[in-house]
Amino acid sequence: MLRESMGLNRLRRLGPPATLWRLFSTCSPSVTVLDRLPSALGTLPPGLEAFRQARGIHRWSDRTNQTGSAELHRLPFSRVSEQDLTFFENLLPGRTITDPDVLMVHNVDWMKSVRGSSELLLRPQTTEEVSKILKYCCERRLAVNPQGGNTGLVGGSVPVFDEIILSTSLMNRILSFDKVSGIITCQAGCVLENLSTYLEEHDFIMPLDLGAKGSCQIGGNVATNAGGLRLLRYGSLRGTVLGLEVVLANGTILNLLTNLRKDNTGYDLKQLFIGSEGTLGVITAVSILCPRKPRAVNVAFLGCSSYRKLLETFQCCRGMLGEILSAFEFLDSACMKLLEKHLKLTNPIAENPFYIVIETAGSNATHDEEKLHSFLAEVMASCLVTDGTVATEDAKVKALWSIRERVTEALTHDGYTYKYDISLPLENIYQLVEDMREHLGNKATNVVGYGHVGDGNLHLNITSHSKDPDLLAAIEPYVYEWTARYRGSISAEHGLGLKKRNYIHFSKPPGAVALMNDIKHMLDPYRILNPYKTLPDHS
Amino acid sequence: MSARVLVGVKRVIDYAVKIRVKPDNSGVVTDGVKHSMNPFCEIAVEEAVKLKEKKLIKEVVVVSCGPQQVQETIRTALAMGADRGIHVEVSGKDSDTLGPLQVSKILAALAKKEDARLVILGKQAIDDDCNQTGQMTAALLDWPQGTFASEVVLEGDKLKVVREVDGGLETVRLRMPAVVTADLRLNTPRYATLPNIMKAKKKKIDVVKPSDLGVDLTSRLEVLRVDEPPQRQAGVKVETVEDLLSKLKEAGRI
């Protein structure tokens, strides 16, 4: 690492002209380009190999395959200079990080699928510090990559080139909590699980819950409009977030924090920032409406012999469980096999093609159990469900949930994973998995489907022994075209980030994308906030 | 084999729940708190059901002592595969003072009444941590006992039990009838599947009173006070060795 950064500095001092920087940044292994370089510079720059390594982590094949058909060029942002470092060190003493080992972690996403080459990580503690950082970066035309828990799955949380990483990890204070209304106000860097633990002491829960809860931060959740396991019951963040504090690209602090349930005074600006993936502003504080902690939580784990029966079970469930239903998730037998193989989890029931996890949450245990038991008797009697088990104790509830929540983890042990997060009409959801299996044949190790079927959201995952461009070419754009044919969404809850930004047109009309670009231009004219993400290239 | 096994199960506060002491320090809050079967009792039920599946014993009878709610716990055991249940009704003041001595008297009386060849219990309950009921039951019956069992093998009319003891593992051979108490590694309790849960609804639970068994419930123990453990003091971080030394001196440690 030290050798690489030394090579980089040496090249900087060489100060090649702008055109050469263009050549460098395409980072093509094409022999002709590299052949031309020595003659253009006179001598071969000593750190060239190191430089290629430092830059070349975004190998040609990586970039075109992971990031869509477009080749990615570094936009002409400024580069971090000694003066910039001095400024940041004065602003954030001890929290301006250039240590390559630390940066390595923040430059790679959770899936270890994309890597950036940022050399500067900033850790502000207050909104004012974020404001000063962004004001400076805007004036200097320095690109900034806001980063929360770095658990995103579309490469949106890590730099693409040398963007400065703006981490919210130290902004983890809970500012206030109103026990009567259940409204919590906190800084954007609060880890979701920590918020849940805090709220549970007061008999409340967060309105969202996802597998990444131990690491993801609420600011990132809001910036990506995260969905999760409880969306079915408590709705999306667009409904539960009551207010935001956002710092705009030029450093302006926009205080839209409020503790009001209802406020119809003008355009609802916070909705712009929810789901904007850090491209319109940096969220620094959030106020969220939290539901009461349910007294009685029951989980049923059921087995179905066909997808049709699964859908009928869902209808029955909706009817009989009604308001106490809080989650309806599914996984297929391929997922169960992966869990058994890689994580040594045991299937609590007999083998079935489909498994359902149903959660009920209510204020009265007896009432809920009665409803649940009559629902279970009904689905067993009508043979919609072939087998199942129920849990009411905390430990068993957690054990049953882990079967659904750990599928993502099991997949990482099965090789390289291609992840797709698709929204479709309910009856078409599993068809995509089956069609994909047929379409890919032997090219893939495993094709599995699981997800929030209650919300019409499929997580389609394909694994292969190692990254395979042929396999990727077979998957994309087939999966997106299939989705567009059924008028689905190519990204139900994961967002577009880096990996899916160029596929937006499969789900949104050109006029909409044009308007998004206008808004981006208005709020961030120098496009310094999380560049190369969310909106398609050549915008 | 035509043997009958008696399994005792206890309804306790679920182990994942945060325990709160009552404001008058007379006990812990149990109202509205999640209860479930004692984890060691689950292991005991699982072992009994396994023996039945291997056709080494004929019938599994599950017993619990306490108020009406313990019937839920008995139903859970029935859903795991027990054949029938006995609810020994103890309510009100008596259920608060119910302890190992009274329960073991009840279990001994039932073991004789039901002509059981084997009594399997959890090694201890997670609410009182007494670890006495199994031992007392064996003594009252004058039966051999294999406690802290991590393995149980039926060999004809003898029982080989591997016990987890401080020094390691001890293997003993007991003549039946005998009492065994289950330790953590004996087995992994099964999930009760829906078809079994439905079947369990139809299984019989007999209700008996301690007086029917000739057992006197008066307790010889009186709980004076229940307190929370003292709050753990936060530690102090120091930056240098000099700081550490001065802090230790201040605290009078050196």
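The values are calculated or read from the model by the stated rules, or taken from the named source; none is laboratory data. These numbers were taken from a predicted model, which means no experiment stands behind them. For neighbour counting, all protein chains shown are included, and Cβ atoms are generated from backbone atoms with ideal geometry for every residue, glycine included.
Some values worked out for this structure:
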| quantity | calculated |
| --- | --- |
| Residue check for A:Ala285: away from every other protein chain (no Cβ under 14 Å) and crowded, with 21+ Cβ neighbours inside 10 Å | yes |
| Verdict on B:Lys52 being touching a residue at least 12 places away in the same chain (Cβ under 8 Å), more than 11 Å from chain A (Cβ to nearest Cβ) and in contact with a Ser or Thr (Cβ under 7 Å, 6 or more places away or on another chain) | no |
| The stretch B:80-106 - residue that is surrounded by fewer than 24 Cβ atoms within 10 Å (Cβ to Cβ), touching a strand residue (DSSP E or B) at 6+ places or on another chain (Cβ under 9 Å) and among the small types (Gly, Ala, Ser) and, of those, nearest to B:Val207 (Cα to Cα) | B:Ser91 |
| Tally, over the stretch A:453-466, of residues that are out of contact with any Lys or Arg (no Cβ under 6 Å at 6 or more places or on another chain) and either closer than 19 Å to A:Leu338 by Cα or acidic (Asp, Glu) (or both) | 9 |
| Which listed residue is more than 32 Å from the chain's Cα centre (by Cα) and modelled with pLDDT of 90 or more, from A:Gly319, A:Gly303, A:Gly362 | A:Gly319 |
| Subset tally (residues that are outside any loop (DSSP other than H, G, I, E, B) and of a type in the set (Ser, Thr, Tyr)) for the stretch A:103-135 | 2 |
| Selected residue (criterion: nearest to A:Tyr420 (Cα to Cα)) from residues of the stretch A:141-160 that are over 19 Å from the mean Cα position of the chain (by Cα) and surrounded by fewer than 24 Cβ atoms within 10 Å (Cβ to Cβ) | A:Leu142 |
| Output for the stretch A:216-252, where each listed residue is within 12 Å of the chain's Cα centre (by Cα) and part of a loop (DSSP other than H, G, I, E, B) | A:Cys216, A:Thr224, A:Asn225, A:Ala226, A:Gly227, A:Gly228 |
| Members of the stretch B:116-142 found to be in a loop (DSSP other than H, G, I, E, B), farther than 14 Å from B:Pro177 by Cα and touching a strand residue (DSSP E or B) at 6+ places or on another chain (Cβ under 6 Å), listed by number | B:Lys123, B:Ala125, B:Ile126, B:Asp127 |
| Members of the stretch B:21-49 found to be away from chain A (no Cβ under 11 Å) and free of Cβ contacts under 8 Å to residues at least 12 places away in the same chain, listed by number | B:Pro23, B:Asp24, B:Val29, B:Asp31 |
| Set B:Lys209, B:Lys201, B:Lys237: member being within 14 Å of another protein chain (Cβ to nearest Cβ) and either modelled with pLDDT of 90 or more or surrounded by fewer than 13 Cβ atoms within 10 Å (Cβ to Cβ) (or both) | B:Lys201 |
| Extreme residue, farthest from the other protein chains (Cβ to nearest Cβ), among residues of the stretch A:294-353 that are part of a loop (DSSP other than H, G, I, E, B) and of a type in the set (Gly, Ala, Ser) | A:Ser306 |
| Of residues in the stretch A:398-423 being within 9 Å of another protein chain (Cβ to nearest Cβ) and out of contact with any Ser or Thr (no Cβ under 9 Å at 6 or more places or on another chain), the one surrounded by the most Cβ atoms within 10 Å (Cβ to Cβ) | A:Ala399 |
| Qualifying residue in the stretch B:55-69 (condition: within 14 Å of another protein chain (Cβ to nearest Cβ) and either buried (at least 18 other Cβ atoms within 10 Å of the Cβ) or not aliphatic (A, V, I, L, M) (or both)) | yes |
| Unique residue being out of contact with any helix residue (DSSP H, G or I) (no Cβ under 8 Å at 6 or more places or on another chain), closer than 20 Å to B:Phe40 by Cβ and at pLDDT 95 or above when the list is B:Val152, B:Val180, B:Val161 | B:Val161 |
| Residues of the stretch A:193-215 satisfying the condition of being assigned to a helix (DSSP H, G or I) and touching a residue at least 40 places away in the same chain (Cβ under 8 Å) | A:Leu199, A:Glu200 |
| Neighbours by Cβ (under 6 Å, 6+ apart or cross-chain): first from the stretch A:136-155, assigned to a loop (DSSP other than H, G, I, E, B); second hydroxyl-bearing (Ser, Thr, Tyr) and surrounded by fewer than 23 Cβ atoms within 10 Å (Cβ to Cβ) | A:Arg141/A:Ser78; A:Arg141/A:Tyr526; A:Leu142/A:Ser78; A:Gly149/A:Ser215; A:Thr151/A:Ser215 |
